[in-house]
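The values are calculated or read from the model by the stated rules, or taken from the named source; none is laboratory data. Worth saying up front: this structure is predicted, and the values here are computed from it rather than measured. Reconstructed Cβ throughout: ideal geometry from the backbone, glycine too, with neighbour counts over all protein chains shown. The protein model used for the area step is the full one, side chains on, heavy atoms only, and it has no ligands, DNA or RNA in it. Shrake-Rupley method; radii C 1.70, N 1.55, O 1.52, S 1.80 Å.
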Amino acid sequence: MCVVSSSNHLWSSTLSYSSKCRTQFEVDQIHARLIKTKILENLLFATKLILNLLSSPHVLSIKFARYLFFSTPFFKSYRNRDDPFLWNSIIKTFSHGSDPESSFEVFVLMLEGGVLVDSYSFSLMLKACSRVGIVSRGIQVHGLLVKCDFGGNLFVQNCLICMYVKSGCVELGRQVFDMMLERDSVSYNVMIDGYVKSQRVDLAREIFEVMPNEMRNLITWNAMIGGYVKVEDGFKLAWGLFEKMPKRDLVTWNLMLDCCVKSRKIELAHILFDRMPVKDVVSWAIMVDGHAKEGNVDLARSFFDQMVVRDVISCNAMMAGYVKNGRYREAVKVFYDMLSGRDFSYSPDSTSLVIVLSAVAQLGCIDGGVAIHCYIKENDFRVGGKLGVSLIYMYAKCGSPDNAMSVFDDIKEKSVDHWNAMIGGLAVHGLGCLAFDLFMKMMRQSIEPDGITYISVLNACAHSGMVKEGLICFEIMRRVHMLKPKLQHYGCMVDILSRAGHVEVATRFVQDMPIEPNDVVLRTLLSACSNHDNLSIGEPVAKRLIELHSQDPSSYVLLSNIYAQFGMWDYVRRIRSEMKDRDLKKVPGCSWIELDGTIHEFFVGDSYHREIEDISSTLCRSLTGNSKIAYFHL
């Protein structure tokens, strides 16, 4: 009796302690106890221990359970038995964990050991296939389960559809669906969700229409409404389903609210928002985002301030709204409020950093950008993807191409977006040769360029007077990468030729374009005519521009300048008079500079800066003695 009691105590204490293991030291202690007491030789205890370890949220415990299962001599005989329960538990730790590919190896060992697989074994393997995204392995598992006579099992068939859908092979999933003799709500819902996520809402609707009414549940209705949210002009169909629904949940209300916002029916969104029986942080974030996108950023802020609970998504929506509406300082303030913890109980994520870097870039505040970069390093954010692009763009926009290049060089896995950002950053600073060299390096590394790459490199060539290189890039785009030039690419080529003084060639290029030139292309050509005193080409281009955009003052000003260069003052007065009649005013030039963390902005003719007298005095002293400068005006 005493022995049994002692044994039970040992079992319970070991099992209790094993469930709390977090560190390698604690795992080693358990292992030592198992070796010393030899209690692992008891099949019942060993099974309980492994299952106990497998249910732990700690990775080290799960790894120890796998080790015991595969290395303990006692289990060699047990693993050859026909009960797949423990095998399935081990496979699940892989298929649902961070290493789904290893589940295939365990499954193969299971088959080689003669263990009888069941429907759950196949469902775990199909889960692993969908996570890894290797359809060929999924097809192999499909063949095996048919061979093992599980092809007609409803549970397994649903798993098969799910695997094909998640792997992007929706049509293969549809084939399984069509061959099913029996279907349940899961079968229909998985198929509907697959079509919705592949942007084929019409086929999702077909499945929805043939689905028995009694099988339709909230998942079904929400999937369809979610599909219509993504479709242009899908509001009426989504609203029709919303009104028909026998029952709604919070997800339904949020989907319909999002549909109203995306369809720019903001007033209806307000009505719906007020009708909602329950609201969560998503509901409020949708309203914040909707108002910000409509330009009502103050109203968006009002909703944001009314939120009882906020999360990082709602903060990102508020920051993005400020950025979209040109209120960059407020966006930066929201970010720093998140960091301070005032009214916020969470930290910024990578999306927050991308948004705030965009705001800092627009402000041209290099010190703020450096501070955020330090925060990124201190908190071990992965500088890749959009965050890497944003850092490169920020440094380039703030006048520091060297720092931008440093960030670019540190990114190990560069995508085409990183190359584009860096080439574009060099182009902005007139470093055309470096931009072109980087483009050629991109070619040597077999990185496939896209349309944006060519816009960036053509811009670089334009700003650096690299006509030959620009023509080469344009031909590589068309003939090597088989990319059809868009209007922006043609515009860049016109800019390259125009800046180099080849006005006639640029004109013929515009005339031969397969697409109609827009005002930007024509204005580029007109600007070249003004710079190179070409009245014969400039005059008809300007008149065409005025016909297209009669309210744009820049075309009038450029034409007036051309007339003035040729001394045609009557024409100049006529243009100026026409501008006055149309109440058109020239937009003044603007420049800004950062000094001690403050951005100072100046316009042509501006005399309202608080330090204008000191600035004027300093300029006077610096210009004294220069005989070529007789007059200046701030």
Rank these by accessible area, largest first, 1.4 Å probe: Val186, Val541. Val186, Val541
Pairs of Cα atoms under 8 Å, at least six residues apart: use those to get the relative contact order of segment 89-141, whole percent. 37
Return the loop-located GluC sites (Glu not before Pro) in segment 82-134 (DSSP other than H, G, I, E, B) with at most 13 other Cβ atoms within 10 Å of their own Cβ; answer none if there are none. none
What FRET efficiency comes out for the pair Asp280/Leu43, r = Cβ-Cβ distance, R0 = 35 Å, nearest 0.05? 0.10
Order His270, His489, most accessible first, counting only protein heavy atoms with a 1.4 angstrom probe. His270, His489
Using a simple spin-label model with points 7 Å from Cα along the Cα→Cβ vector, what separation in nm is obtained for Gln175 and Ile271? 4.8
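Please report, largest first and rounded to whole Å, the three semi-axes of the ellipsoid equivalent to segment 413-467, where each semi-axis is the square root of five times an eigenvalue of the C-alpha gyration tensor.
Those come to 18, 10, 9 Å.
In terms of the ratio Rg/(2.2 N^0.38 Å) built on C-alpha atoms, what value belongs to segment 331-485?
1.14
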Please report, largest first and rounded to whole Å, the three semi-axes of the ellipsoid equivalent to segment 317-420, where each semi-axis is the square root of five times an eigenvalue of the C-alpha gyration tensor. 22, 15, 12
For segment 270-310, the Cα gyration tensor yields equivalent-ellipsoid semi-axes (√(5λ), largest first, whole Å) of 16, 12, 8
Apply the Karplus curve 6.51 cos²θ - 1.76 cosθ + 1.60, θ = phi - 60°, to the phi angles in segment 386-395 and return the couplings in whole Hz, x for Gly and Pro. 5, 5, x, 4, 5, 5, 4, 4, 4, 5
Under 1.5 on a/c is rounded, so check that first for segment 396-506, then, if it is not, pick prolate when a/b is larger than b/c and oblate when it is not; a ≥ b ≥ c are the square roots of the alpha carbon gyration tensor eigenvalues. oblate
Normalised per residue, the volume inside the convex hull of the alpha-carbon atoms of segment 372-427 in Å³ amounts to 66
Could you tell me the relative contact order of segment 302-372? Use alpha-carbon pairs under 8 Å, at least six residues apart, and round to a whole percent. 31
For segment 269-336 the mean separation of alpha carbon contacts under 8 Å (6+ apart) over residue count, i.e. relative contact order in percent, is 29
What distance in nm lies between label points placed 7 Å from Cα along the C-beta direction at Asn518 and Ser136? 4.4
How much net charge surrounds Arg382 when only other residues with a Cβ under 12 Å from its Cβ are counted (Lys, Arg +1; Asp, Glu -1)? -1
